[in-house]
Amino acid sequence: MPFQPVRYRPLLRKGPGDAAYLAMTSMVLVPLQLVRRRLDFRVRFTAAVIWTCLATAVAPPALAGGESASVTGTVAYRERIALTPEAVVEVQLLDVSLADASAKLIAEQTIKPEHQVPIPFELVYDPATIDERYTYTVRATIRERGRLMFTTDRSYRVLTRGAPNHVDLILVRTSN
């Protein structure tokens with residue numbers, strides 16, 4: 001205990017059972033406990049106010065206003081194969097922080113490409129769902145007539161831990 005209350009003895013001490021003795025000691029102990037509680041509250045309250053001021057001052061203006069944010073990039077592959085008009089590109093922003101659970105979908109975009117690769121994308125997400133301690137990746141697939149043709153084969157990290165918010169995805173051909 002950082003504070004030790006001091007017990008003052010009355011001038012006319014008859015003994016611990018005497019009412020005057022009990023009243024004098026309790027008068028000294030109660031204010032010290034109140035001072036301790038008030039000091040703890042003031043320190044916690046001041047720290048909370050300072051933390052709130054710093055958190056709102058440091059936040060980027062787009063995020064502080066509750067607006068959406070986005071991850072941008074392109075989808076491409078190395079093979080010299082043209083996409084058919086039935087091709088569909090799916091790009092997903094995933095939370096892959098938990099090793100023993102499936103990835104949580106944060107944002108998704110489905111694109112019917114009007115031209116060949118590279119195909120630009122923009123994944124719009126709510127910044128409140130992003131936790132700086134977690135890991136986020138972007139994944140993409142290209143399907144033709146429901147068949148998987150191309151997919152990402154590596155992890156493309158974004159947003160947290162120094163990762164960018166723009167990524168150029170290189171897909172590989174599947175065995176189908």
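The values are calculated or read from the model by the stated rules, or taken from the named source; none is laboratory data. Every value quoted in this text rests on a predicted model; they were computed, and no experiment measured them. These accessible areas exclude ligands, DNA and RNA; they are computed on the full protein's heavy atoms, side chains included. Shrake-Rupley method; radii C 1.70, N 1.55, O 1.52, S 1.80 Å.
When ALA140, ALA107 are checked against the criterion of being open to solvent by less than 50 Å² (accessible area, probe 1.4 Å), more than 15 Å from ALA76 (Cα to Cα), small (Gly, Ala, Ser) and at pLDDT 90 or above, ALA107 stands alone in meeting it.
Set side by side, the residues THR152, THR160 differ, and just one is polar (S, T, N, Q) and modelled with pLDDT under 90, which is THR160. Scanning region 110-136 for residues that are open to solvent by 40 Å² or more (accessible area, probe 1.4 Å), in a strand (DSSP E or B) and not polar (S, T, N, Q) yields PRO120, GLU122, VAL124.
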